[in-house]
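The values are calculated or read from the model by the stated rules, or taken from the named source; none is laboratory data. Given the structure is predicted, the values throughout are model-derived calculations rather than measurements. Methodologically, a virtual Cβ is constructed for each residue, glycine included, from the backbone with ideal geometry; neighbour enumeration extends over all protein chains shown. Only protein heavy atoms, including side chains, enter the accessible area calculation; ligands, DNA and RNA are left aside. Shrake-Rupley method; radii C 1.70, N 1.55, O 1.52, S 1.80 Å.
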2 protein chains.
Amino acid sequence: MAAEMAEQPDRLAALLARRHEIAGEIRALVPARLAGTVLVARGSSDQAATCGGYLLEMATRRPVTSASPSVHTLYRANIDFSGYLVVAISQSGRTPEIVEVVERAKASGARTVAITNDASSPLASAADVLVALDAGEERAVPATKTVTAQLVSFAILAQALGDIGLDDRAGDELPAQVAELLADPGPPAEVAAWLAGTSRLATVARGLLYGAAGEVALKIEETSSLFATSFSAADLRHGPIAIATTGIPILALAHPGPASDDVLELVAELRSRGANVRLAGPVEGSVMSWAVQAPEILVPVLAVVRGQQVALALARLLGVDPDAPRGLTKVTVT
Amino acid sequence: MAAEMAEQPDRLAALLARRHEIAGEIRALVPARLAGTVLVARGSSDQAATCGGYLLEMATRRPVTSASPSVHTLYRANIDFSGYLVVAISQSGRTPEIVEVVERAKASGARTVAITNDASSPLASAADVLVALDAGEERAVPATKTVTAQLVSFAILAQALGDIGLDDRAGDELPAQVAELLADPGPPAEVAAWLAGTSRLATVARGLLYGAAGEVALKIEETSSLFATSFSAADLRHGPIAIATTGIPILALAHPGPASDDVLELVAELRSRGANVRLAGPVEGSVMSWAVQAPEILVPVLAVVRGQQVALALARLLGVDPDAPRGLTKVTVT
């Protein structure tokens with residue numbers, strides 16, 4: 001896991017170097033007037049898809065949805081995808097239900113894109129356009145370099161369909177910003193120490209960072225068996241805020257931008273209720289930061305790297321093997 | 001909370017008695033060819049919307065999505081909703097961001113429906129068609145009768161747009177099936193006793209019951225401050241299954257149908273890993289059942305009532321007031 005995390009600056013730089021080529025293929029595929037976009041993913045890829053959904057909705061200005069594979073694979077509903085862009089995301093490209101949804105969508109008229117690390121996988125073959133992550137083989141069970149590559153792929157896809165701010169400078173600076181985090185393991189080690197005695201964790205964010213909060217929770221859960229859940233700041237206020245007084249650690253993610261005030265206000269409210277809350281990101285009172293100058297569309301990559309660092313440090317603190325957590329396998333068949 | 005739960009058979013019967021009238025209004029509103037459907041909700045209403053999304057996708061045969069309000073209210077993205085049906089669900093009809101999304105959607109060409117308990121609320125005024133829950137004032141903070149009325153409303157909406165199996169017999173039998181559960185508090189009391197010593201709960205289901213699993217988790221979390229999360233059976237296999245060996249109680253919901261085998265197989269796998277798992281529904285090995293003859297489209301109502309009973313019993317066991325859980329208010333402004 002540590003070795004694969006360390007590859008990220010180079011892998012992301014290589015992917016970003018292909019951004020204009022990928023954008024060209026996407027623009028050639030996608031009609032000028034979309035009905036909408038459907039994302040198909042599970043696990044960590046689904047967290048990346050949550051981030052990607054925000055970017056694609058802002059870029060295409062049409063609604064974006066996450067597919068419920070069971071509608072197709074179990075209930076056999078014959079959904080009409082004509083006019084839609086369908087983007088399937090799978091590290092292995094081998095989760096059968098994801099391949100099946102793409103095949104059904106294509107047959108009913110969708111334009112389809114596969115984001116996968118295996119260019120020879122069934123998913124890569126099923127889609128009209130392949131966005132190959134080219135992240136190299138990922139052997140550790142917790143996905144790291146493929147997840148950040150998925151996040152960057154979504155930014156490239158979205159920028160191909162509408163200006164979301166992924167200019168050449170933003171793209172060129174990202175690998176160094178990731179490298180800077182990897183060279184600074186101290187703050188995540190302190191967050192891991194804060195979590196070492198607990199069996200529960202809630203992460204919280206809003207907007208573009210919401211999916212990153214999900215991936216941070218999932219990564220920590222995978223490596224440490226800690227029961228972790230992510231919340232949108234808005235949803236946490238609806239009912240789950242009841243947990244604030246139970247001592248559960250709450251890790252909030254924020255980056256200066258349209259969504260940050262909402263998170264900072266929630267953190268203040270949680271603190272006033274006596275909650276055990278810590279803040280990450282380049283904001284006041286943060287215990288773990290990242291590059292403040294990164295554009296918000298790429299910040300999920302930085303937050304996810306911070307989460308990987310916490311997950312790795314916590315596994316080591318707990319004396320468990322982060323590469324092969326108990327009971328998990330790399331490809332999940334559902 | 002108990003009094004409001006007890007009203008459900010009568011309130012649902014009254015709503016179902018209006019089903020042909022509501023269906024007529026919906027059919028008059030919705031164009032023959034939809035681009036898709038967007039659902040807008042938070043909290044318990046969002047869990048009902050998850051169930052409703054499956055029904056509407058199967059009925060309309062076009063993709064259904066849940067809106068991310070922050071895209072509109074924080075990032076001010078100018079999304080084009082033309083060709084879409086937008087369904088907003090809010091008990092109070094007074095959550096400002098939900099009203100704002102409906103107003104923006106309508107202005108950009110969507111047909112809009114409000115499902116709310118307050119026919120004089122801003123949300124009711126903003127939408128083209130109002131589906132009034134007419135559940136009577138709900139005073140307990142944990143929403144009960146409005147949630148089951150929302151679930152029934154979704155079944156009525158979906159049936160108006162495509163045959164999903166809500167025939168008159170199915171509708172007529174539901175209130176008695178709910179009454180039968182309310183008269184049988186023993187099994188949920190035993191589930192509550194099982195949960196009384198824990199600080200965590202995972203619920204799991206798949207397909208039409210997945211949203212119900214979310215509402216069961218949320219209801220128990222609201223009344224008892226227990227940290228509860230729901231999973232799709234498919235997602236639980238992707239990473240979170242790491243928690244199976246930590247002793248966390250896992251409550252699985254299943255009803256005979258296309259999705260039940262997947263849940264039962266997961267339960268068997270969890271048991272083989274030594275997980276602390278219990279099963280609810282009219283299936284073998286269940287600790288808490290409901291009417292097996294109910295059509296799967298209405299089963300979320302029955303599962304949610306079972307969850308309400310567990311939440312109420314657990315609050316009483318823990319000596320907390322289920323009507324006014326600490327730190328929660330009825331209308332949440334985000």
Residue among A:D46, A:D10 that is at the interface with chain B (Cβ under 10 Å from one of its Cβ atoms) and either open to solvent by 20 Å² or more (accessible area, probe 1.4 Å) or without any contact (Cβ under 8 Å) to a residue 12 or more places away in the chain (or both) | A:D46
Set B:S225, B:S260, B:S286: member being of a type in the set (S, T, N, Q) and within 19 Å of the chain's Cα centre (by Cα) | B:S260
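Please tell me if B:L264 is out of contact with any Ser or Thr (no Cβ under 7 Å at 6 or more places or on another chain) and of a type in the set (A, V, I, L, M, F, W, C).
Values: out of contact with any Ser or Thr (no Cβ under 7 Å at 6 or more places or on another chain): yes; of a type in the set (A, V, I, L, M, F, W, C): yes.
Yes.
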Look at A:A67 and say whether it is modelled with pLDDT under 90 and either open to solvent by less than 10 Å² (accessible area, probe 1.4 Å) or in contact with a strand residue (DSSP E or B) (Cβ under 7 Å, 6 or more places away or on another chain) (or both).
-> yes
Restricting attention to the stretch A:139-149, and to residues there that are away from every other protein chain (no Cβ under 14 Å) and of a type outside the set (A, V, I, L, M, F, W, C), which single residue is farthest from the chain's Cα centre (by Cα)?
-> A:R139
Please determine, by comparing only the residues of the stretch B:123-161 that are in contact with a Ser or Thr (Cβ under 8 Å, 6 or more places away or on another chain) and modelled with pLDDT under 95, which one is surrounded by the most Cβ atoms within 10 Å (Cβ to Cβ).
-> B:A143
Would you point out which residue out of A:L56, A:L85 is of a type in the set (A, V, I, L, M), more than 9 Å from every other protein chain (Cβ to nearest Cβ), touching a strand residue (DSSP E or B) at 6+ places or on another chain (Cβ under 8 Å) and part of a strand (DSSP E or B)?
-> A:L85
Considering the stretch A:31-43 alone, what residues qualify as being open to solvent by less than 20 Å² (accessible area, probe 1.4 Å), over 22 Å from A:Q91 (Cβ atoms) and aliphatic (A, V, I, L, M)?
-> A:L34, A:A35
Run down B:R206, B:R169 and say which single residue is within 13 Å of chain A (Cβ to nearest Cβ) and of a type in the set (K, R).
-> B:R206
Restricting attention to the stretch A:74-92, which residues are modelled with pLDDT under 95 and over 14 Å from A:A35 (Cα atoms)?
-> A:L74, A:Y75, A:R76, A:A77, A:N78, A:S90, A:Q91, A:S92
In the stretch A:162-201, anything surrounded by fewer than 17 Cβ atoms within 10 Å (Cβ to Cβ) and within 30 Å of A:T60 (Cα to Cα) is listed as A:G162, A:D163, A:G165, A:D167, A:D168, A:R169, A:D172, A:E173, A:A176
Taking the stretch B:233-257 and keeping residues at the interface with chain A (Cβ under 8 Å from one of its Cβ atoms) and within 18 Å of the chain's Cα centre (by Cα) leaves B:A233
What is the number of the single condition among (1) modelled with pLDDT under 95; (2) in a loop (DSSP other than H, G, I, E, B); (3) of a type outside the set (V, I, T); (4) surrounded by fewer than 23 Cβ atoms within 10 Å (Cβ to Cβ) that B:S120 does not meet?
-> (1)
Could you say whether any residue in the stretch A:130-142 is within 18 Å of A:F154 (Cβ to Cβ), assigned to a strand (DSSP E or B) and without any contact (Cβ under 8 Å) to a residue 24 or more places away in the chain?
-> yes
Scanning the stretch A:25-49 residue by residue, those in contact with a helix residue (DSSP H, G or I) (Cβ under 8 Å, 6 or more places away or on another chain), of a type outside the set (D, E, K, R), assigned to a helix (DSSP H, G or I) and more than 21 Å from A:L208 (Cα to Cα) turn out to be A:I26
The stretch A:88-117 - residue that is among the charged types (D, E, K, R) and not in a loop (DSSP other than H, G, I, E, B) and, of those, farthest from the other protein chains (Cβ to nearest Cβ) | A:E103
Using the structure shown, decide if A:E4 is open to solvent by less than 20 Å² (accessible area, probe 1.4 Å), acidic (D, E) and more than 7 Å from chain B (Cβ to nearest Cβ).
-> yes
(1) at the interface with chain A (Cβ under 7 Å from one of its Cβ atoms); (2) outside any loop (DSSP other than H, G, I, E, B); (3) of a type outside the set (S, T, N, Q); (4) open to solvent by less than 10 Å² (accessible area, probe 1.4 Å) all hold for B:I79 apart from (2)
Quick one: A:G197 ticks every box in (1) more than 20 Å from A:P249 (Cα to Cα); (2) within 14 Å of chain B (Cβ to nearest Cβ); (3) without any contact (Cβ under 8 Å) to a residue 24 or more places away in the chain bar one, so which box is it?
-> (1)
